[in-house]
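The values are calculated or read from the model by the stated rules, or taken from the named source; none is laboratory data. Keep in mind it's a predicted model, so treat the numbers as computed, not measured. Cβ sites come from the backbone with ideal geometry, for glycine too, and all protein chains shown count toward neighbours.
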Amino acid sequence: MTQLLFKRLLQLLGVAWGVSTLTFLLMRSLPGDMAYRIAAGRYGMDAVDTTSADLVRAELGLDQGPFRAYLQWFSDLLTGNLGNSLVSGMPVVDELWHMLSHSFYLAMAGVVLSMLIAVPLGVATAWWGGWFDRLMLTLSTLMRALPVFVTGLLVIILFALELQWFPVAGFGSVSHLVLPAIALGLSLAAVSNRVVHNEARKVMQSPFFEFARTKGLSNWQVLYRHGVRNLAVPVVAFMGIQLIMLVEGVVMIESLFSWPGVGHGLAHAIFARDIPVIQGAALMMGILFVLLNTAVDIACYCLDPRGGRLQ
Amino acid sequence: MRERTLMNARGLGLLLLTVLCVYSFGTSFLFAGDGNSQNLNHILSIPNAEFLLGTDHFGRNMWLRLADALQLSLFLALACVLTSVVTGVILGVLAATRGGWIDRLIDMLVTLIMALPGLVLVMIFASIAPGSLLVLYIAIALIQWVEYFRLTRAVIQRVDTSPAVESSRLMGFGLWYLFRRHYWPVLAPQLLTLAAFGAANAVLMMASLGFVYVGIQPPTAELGQMIVELFPYYQEAPWLLAQPLLALALLVLAFHLCGRRGADAPD
């Protein structure tokens, strides 16, 4: 466990270093004089002249050599100074906090919905098997082949354009959250319901499960007392693997639905070449990703203290 | 029964993949014209004898455009898979057989790469050189070799302790012989599965980037970007939007079916 946590700490530092180095390279690779560009971003295109550019250059220390500039860039990051957005001029940290809460709602809604779909479906297919199982297998396979943004697009077409039940995009009310959450939840559930199915079948075929039924417990009792916890460990561990899908799904879904979260912010920043925001958003996602992975590790450890499944 | 359904799934995947390949590569040989040339007299036309899949909002021939886009996706998938398999397997063999600091060094690198979600890394790379296919390919390969490396390392470490390998080694056979005779037969089927999913992922990554408009730049035909371009015309020409959607889904489905192992058996 300690070794694992140490590894996660290493990852955390690695993310900070990797992202800042890449964005630094990005900063350097942009054509033109950086001072003019930043000045244009701050004071508007018309107000840029040599004096304002020189002011910016002196203030940000842009005339240093590349190595010093890199050290400066990285130490800024370590002290929590992410700079200001080149587009809005606001501190990146403030913008990120704002975006983060929106991303969080979306991700939570998506995960909860996917679990609500996947767990009952997986257990039911394992219990009954037969044609029902084969049907769900086919459906899951087809669903899985749809990228998450295609699912989102189809959901928009069906529920927003044709039926007009929910708004197409935007945010503000609960009804705005419904479609993105459905798209995200369906994509996640397409994979996870088969994992639940496999694990449930394994548990149901195990000797201890058979014995519990033989001794006369009702189906529900067996499932509740002997199934759930044994099932939970691999399923929670799988949620850790699925985190990648979740983060990537959130990025795509936010862009599709104009949901003002970190992913949308990242895509927009890349489009607008707003480097401090790119760095901040990528960093935020990387850090969250590592932290969530750690949370999954700890959850697995608590569910199964034997620790055999860790690593 | 299970064996047969597995064969069917794989067979179906291969069939789908072959059809898509024949369509996309055959089109460039058999059909004259250019997927990027505009014809504003024929915009949003429905499929007919001249334009087999209709034309888009600039009057570009969708049959040619879709073939171009599929070709690009297939090409990228192939390049990414080949590069990352070769890199991953070589480094995996090195790490498992040499051990020591090589192992630790590569393991640290892998930990670093896995700390960031793949799509985010690819997006940052894409922003360094917007619209560059080469950078996209490098970024995707950079992420994907990690999986082949982990698989190779795990498999070889397990096989390495078997009596067969021990005795081969005692008889003085070299690494190349061990690899060919002992490692590869165990490794190959699992690599194939991973490669199929890796190909699907590469296709998805490029389409995702195109979809958020930071990937391949217009006018090059690319599936994700075609979807965005055609979405505004959904009301007038829904069949146009359906084409890239269907092509992308079929391509990913084909790869997924090819990679099916033991009827969705657990690992």
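Below, the figures for the structure above:
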| item | result |
| --- | --- |
| Out of A:G170, A:G129, sole residue that is out of contact with any Phe, Trp or Tyr (no Cβ under 8 Å at 6 or more places or on another chain), modelled with pLDDT under 85 and on the phi > 0 side of the Ramachandran plot | A:G129 |
| Criterion: in contact (Cβ under 8 Å) with a residue 24 or more places away in the chain and in a helix (DSSP H, G or I) - qualifying residue of A:I287, A:I241, A:I270, A:I298 | A:I287 |
| Options B:L250, B:L204; residue that is more than 16 Å from B:M123 (Cβ to Cβ) and either assigned to a helix (DSSP H, G or I) or not aliphatic (A, V, I, L, M) (or both) | B:L250 |
| Residue that is more than 28 Å from B:M205 (Cβ to Cβ) and more than 12 Å from every other protein chain (Cβ to nearest Cβ), where the choices are A:F159, A:F171, A:F209 | A:F209 |
| Pairs with Cβ under 8 Å, 6+ apart, first in the range A:203-219 and within 20 Å of A:A232 (Cβ to Cβ), second of a type in the set (G, A, S) and not in a loop (DSSP other than H, G, I, E, B) | A:V203/A:G227; A:M204/A:A126; A:M204/A:G227; A:F209/A:G227 |
| Residue identified as of a type outside the set (K, R), within 14 Å of chain A (Cβ to nearest Cβ), surrounded by fewer than 22 Cβ atoms within 10 Å (Cβ to Cβ) and on the phi > 0 side of the Ramachandran plot among B:G131, B:G100 | B:G131 |
| Qualifying helices (runs of 4 or more DSSP H) (wholly inside the range B:60-173; at least 1 residues being within 30 Å of B:V19 (Cβ to Cβ) and polar (S, T, N, Q)) | B:62-98, B:133-160 |
| Qualifying residues in the range A:268-293 (those that are crowded, with 24+ Cβ neighbours inside 10 Å and among the small types (G, A, S)) - the one farthest from the other protein chains (Cβ to nearest Cβ) | A:G280 |
| Failed item, numbered, when A:N219 is tested on (1) surrounded by fewer than 18 Cβ atoms within 10 Å (Cβ to Cβ); (2) within 12 Å of chain B (Cβ to nearest Cβ) | (2) |
| Any hit, the range A:134-148, residues being away from chain B (no Cβ under 14 Å) and out of contact with any Pro (no Cβ under 8 Å at 6 or more places or on another chain) | no |
| Hey, B:L94 more than 18 Å from the chain's Cα centre (by Cα) and away from every other protein chain (no Cβ under 11 Å) or not | yes |
| Residue match in the range B:209-225 (condition: among the aromatic types (F, W, Y), part of a helix (DSSP H, G or I), modelled with pLDDT under 85 and buried (at least 24 other Cβ atoms within 10 Å of the Cβ)) | yes |
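Each row is one residue, and each column tells you yes or no for (1) in a loop (DSSP other than H, G, I, E, B); (2) of a type in the set (S, T, N, Q); (3) at pLDDT below 75; (4) surrounded by 13 or more Cβ atoms within 10 Å (Cβ to Cβ).
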{"position": "A:V15", "(1), (2), (3), (4)": "no, no, no, yes"}
{"position": "A:S20", "(1), (2), (3), (4)": "no, yes, no, yes"}
{"position": "A:T23", "(1), (2), (3), (4)": "no, yes, no, yes"}
{"position": "A:M27", "(1), (2), (3), (4)": "no, no, yes, yes"}
{"position": "A:D46", "(1), (2), (3), (4)": "no, no, yes, no"}
{"position": "A:L71", "(1), (2), (3), (4)": "no, no, no, no"}
